[in-house]
Amino acid sequence: MLIKVVISVKNKTNKGLLLLPFVIFAINSLAAQTPAPPHQGVTAITGGTVYTMSDTGVLENATVVFENGIITAVGTDAEIPENATVIDASGKRIYPGFIHGRSTLGLTEISRIQESTDLMEVGDINPNIRAFSAFHPVSEHIPKAAVHGVTTVIPTTSGSLIAGRLSAMETDGWTWEQMALKEDIGMAVEWPSMNNMDRYKADLEKLNETIDRARRYKKAREAAAGGNAPSHAPDIRLEALIPVLKGEMPLFISAGELRQIQEAITWTEKEELKAVLIGGRDMDLLADQLAERNIPVILSGVISGPHRQWDAYNQGYRIPYRLYQAGVEFAIAGDASAAYAYRIHHHAASAVAFGLPYEAALRAVTIDAARILGIDDITGSIETGKMATMMITSGDPLELWTEKEMVFIGGRQTDMTDKDKRLFLHYMEKHNQKQSAE
């Protein structure tokens, strides 16, 4: 692996070649992934089979051209500019990057160490909190997700009734500002547990009161701005809820079981708010209702055991198929844990094994996920005008043995080094030294 890098660089420049292997070794020892510089110039990926995830479908022996990080041409007859850097992908496949719709990636490193976890704030009402400002760009978990094709993630806060504003983040970059793909795509809400009804009623009352105060605050601010009322003092919490009340920002509501889902649906309809439901268990029991009301779903996991004693062993695995049959718009997010964000394709593949059509599973981690998250104008498919966020693979990306050979995020070629590969190189060196000594 190191020799390949040396040869690649040698073709471009003859400066510093003797030091290069040592520089690479230092990088591998100190960091799991070195962020790529902004994409400049023109790049053309040729000869591959392009799974566009758009109306164009699958293109054999096609070319993808992108300039300064934006796709400028896709097709079997796409013109390649003379100054383009050409990557031969003959015999390979090209897919959009995976999108993980709900994860703690970037917000937690080691769960047992409090200082490395920033998932929640004090208090029940925190709509002003913005998750991306706590995103940790040098987390070991981020490059592991990136090299497995996860190019976009939604770091999700928790622990409050209203847990804050969510943003879409890229899995490559030096800072959280640089990695923010789109800010404020939704407001995180954790629907209160119904195991204790007294506590539930108190929490619901608190939620209702907050929305009512926000509406009155919005009206007062608008009146003041129009000169029809005295100046109204700003309130950062209530101010943060105004896009929700205007219908510009959906609520991403986490609901864990049937009663919670039903209550959340009823409440959002009464309050006339847009909602996206997040969860896994029991979503299929309300599939027809969700489809009728056009409420999207982000499935928090497919690989799971039965939740009730009378459930079949494959209860969780068949939920995507049941939602698909009912016509519910859904995305597959997989594990919420940062350490397992890379496994999103395992969940999509498991859904296929239990009835979900293959294309629907692939869409659930690419373009359908992008549409639900409101970023489908930026990413999720390989189309002209969108960001050049894609991967070159040796085969089907949902298969466990398929290698993601190259990953591009906004045209930037991602460093394919993560902790696992770094440790592999480390212990291979130990093995080689031992073999040499013998």
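The values are calculated or read from the model by the stated rules, or taken from the named source; none is laboratory data. These numbers come from a predicted model, not from an experiment. Using ideal geometry, Cβ is built from the backbone for each residue, glycine included, and neighbour counts are taken over all protein chains shown.
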**OP:** Could you figure out which of (1) in the same structural domain as Ser139 (by TED's automatic domain parsing); (2) surrounded by fewer than 19 Cβ atoms within 10 Å (Cβ to Cβ); (3) not polar (S, T, N, Q) isn't true of His347?
**Re:** (2)
Original post:
Since Ser231 meets every condition but one in (1) under 19 Å from Asn128 (Cβ atoms); (2) among the hydroxyl-bearing types (Ser, Thr, Tyr); (3) free of Cβ contacts under 8 Å to residues at least 24 places away in the same chain, which condition does it not meet?
Top reply: (1)
Subject >> Some residue of segment 368-386 being hydroxyl-bearing (Ser, Thr, Tyr) and within 27 Å of Leu251 (Cβ to Cβ) >> reply: yes
Original post:
Which residue, of Gly164, Gly159, Gly123, is at pLDDT 90 or above and at positive phi?
Top reply: Gly164
**OP:** Answer yes or no: is there a residue in segment 399-410 that is part of a loop (DSSP other than H, G, I, E, B), more than 14 Å from the chain's Cα centre (by Cα), within 22 Å of Ala36 (Cβ to Cβ) and at pLDDT 95 or above.
**Re:** yes
Subject >> Test for Ala312: is it over 29 Å from Leu105 (Cβ atoms), in the same structural domain as Tyr200 (by TED's automatic domain parsing) and free of Cβ contacts under 8 Å to residues at least 12 places away in the same chain >> reply: yes
Original post:
Residues in segment 359-372: is at least one touching a Phe, Trp or Tyr at 6+ places or on another chain (Cβ under 9 Å), modelled with pLDDT under 95 and either within 16 Å of Glu399 (Cα to Cα) or not assigned by TED's automatic domain parsing to the domain that holds Gly256 (or both)?
Top reply: no
**OP:** Taking Leu181 as meeting all but one of (1) closer than 20 Å to Leu238 by Cβ; (2) modelled with pLDDT of 90 or more, write down the number of the exception.
**Re:** (1)
**OP:** Identify the single condition in (1) of a type in the set (A, V, I, L, M, F, W, C); (2) modelled with pLDDT of 95 or more; (3) surrounded by 14 or more Cβ atoms within 10 Å (Cβ to Cβ) that Ala32 does not satisfy, given that it satisfies every other one.
**Re:** (2)
**OP:** Please go through segment 267-287 and pick out each residue that is under 21 Å from the mean Cα position of the chain (by Cα) and assigned to a loop (DSSP other than H, G, I, E, B).
**Re:** Lys274, Gly280, Arg281
**OP:** Taking only segment 110-143 into account, find how many residues are touching an Asp or Glu at 6+ places or on another chain (Cβ under 6 Å), surrounded by fewer than 24 Cβ atoms within 10 Å (Cβ to Cβ) and either free of Cβ contacts under 8 Å to residues at least 24 places away in the same chain or not in a loop (DSSP other than H, G, I, E, B) (or both).
**Re:** 2
**OP:** Output yes when any residue across segment 253-264 is of a type outside the set (Phe, Trp, Tyr), assigned to a helix (DSSP H, G or I), in contact with an Asp or Glu (Cβ under 7 Å, 6 or more places away or on another chain) and within 15 Å of Ile125 (Cβ to Cβ), and no when none is.
**Re:** no
Original post:
Gly380 is checked against (1) over 19 Å from Phe98 (Cα atoms); (2) of a type outside the set (D, E, K, R); (3) crowded, with 18+ Cβ neighbours inside 10 Å and fails just one. What number does that condition carry?
Top reply: (1)
Subject >> Restricting segment 162-200 to residues that are touching a Ser or Thr at 6+ places or on another chain (Cβ under 8 Å) and under 12 Å from Ser254 (Cβ atoms), the residue that is surrounded by the fewest Cβ atoms within 10 Å (Cβ to Cβ) >> reply: Glu190
